[in-house]
1. Find all pairs meeting these conditions: Cβ atoms under 6 angstrom apart; at least six residues apart or on different chains; first residue within region 163-182 and assigned by TED's automatic domain parsing to the domain that holds residue 121 and at pLDDT 90 or above; second residue of a type in the set (A, V, I, L, M, F, W, C) and outside any helix (DSSP H, G or I).
2. Which condition breaks for residue 114 when tested against (1) surrounded by 15 or more Cβ atoms within 10 Å (Cβ to Cβ); (2) of a type in the set (Val, Ile, Thr); (3) more than 27 Å from residue 32 (Cα to Cα)?
3. If you check residue 116 against the conditions, is it farther than 25 Å from residue 20 by Cα and among the small types (Gly, Ala, Ser)?
4. Just to be sure before I move on: is residue 92 among the basic types (Lys, Arg) and free of Cβ contacts under 8 Å to residues at least 40 places away in the same chain in the structure I sent?
5. Residues that are under 21 Å from residue 105 (Cβ atoms), at least 3 per element: which helices (runs of 4 or more DSSP H) completely within region 1-92 meet that?
Amino acid sequence: MAQEDTIVSGVAGRYASALFSLAQDDRQTDAVAQSLAKFEAMVKASPDLERLVRSPVFSAEVQLKALDAILAREGIEGVAANFIRLVTVKRRLFFIRQMIADYRKLYDESRGVIRAHATSARRLSPENVDALKEQLRGVSGRDVELDVKIDPSIIGGLIVRLGSRMVDGSLRTKLNAIRLAMKEAG
């Protein structure tokens, strides 16, 4: 438990730690991670669901009724569904996204995986993604799950975040540095 405390903290961390412990006891860490990821994707994709989750205007009863219907429709059940219901009843639903993020940290740590985020100006080929993962594996010494985002505004290059480390090799940043150097010189 002491190790888990260093990875997550606060209210969301305590809920995530309790959920992870329960999922481990039931040998359902994978199923819970998948269900939570599915629920998080639904919240991200639906402004109405986001409002239901975040707004204190809705009563716990209204939230619970709506979520029960959504969870049933999407096939989210078991430990993950019960957790979402508990958080709703305890009026902590607005923390759910942070709880899911903290659960993911605990889950990744238990599997020896680290998450990395890369931003590219254009779509990376599968070979480039594999090469980047391999480089990050060499740096971190752990398996890497890589989330790649496309952002044309960086013009070219990559921005890579691995844990608390970030490398910004974007053309936009380099151009801004040149522009700043020119202003200081002139």
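The values are calculated or read from the model by the stated rules, or taken from the named source; none is laboratory data. Quick caveat, the model's predicted, so the values are computed rather than measured. Here the Cβ positions follow ideal geometry from the backbone for every residue, glycine too, while neighbour counts run over all protein chains shown.
1. Sorted first by the residue in region 163-182, then by its partner, the pairs are 167/160; 168/159; 169/158; 170/159; 171/155; 172/155.
2. It is condition (3) that residue 114 fails.
3. Details: farther than 25 Å from residue 20 by Cα: no; among the small types (Gly, Ala, Ser): yes.
In short, no.
4. On the way: among the basic types (Lys, Arg): yes; free of Cβ contacts under 8 Å to residues at least 40 places away in the same chain: no.
Criteria not met by residue 92.
5. On the way: elements: 2-7, 10-25, 29-45, 47-54, 60-74, 78-89.
Answer list for region 1-92: 2-7, 10-25, 29-45, 78-89.
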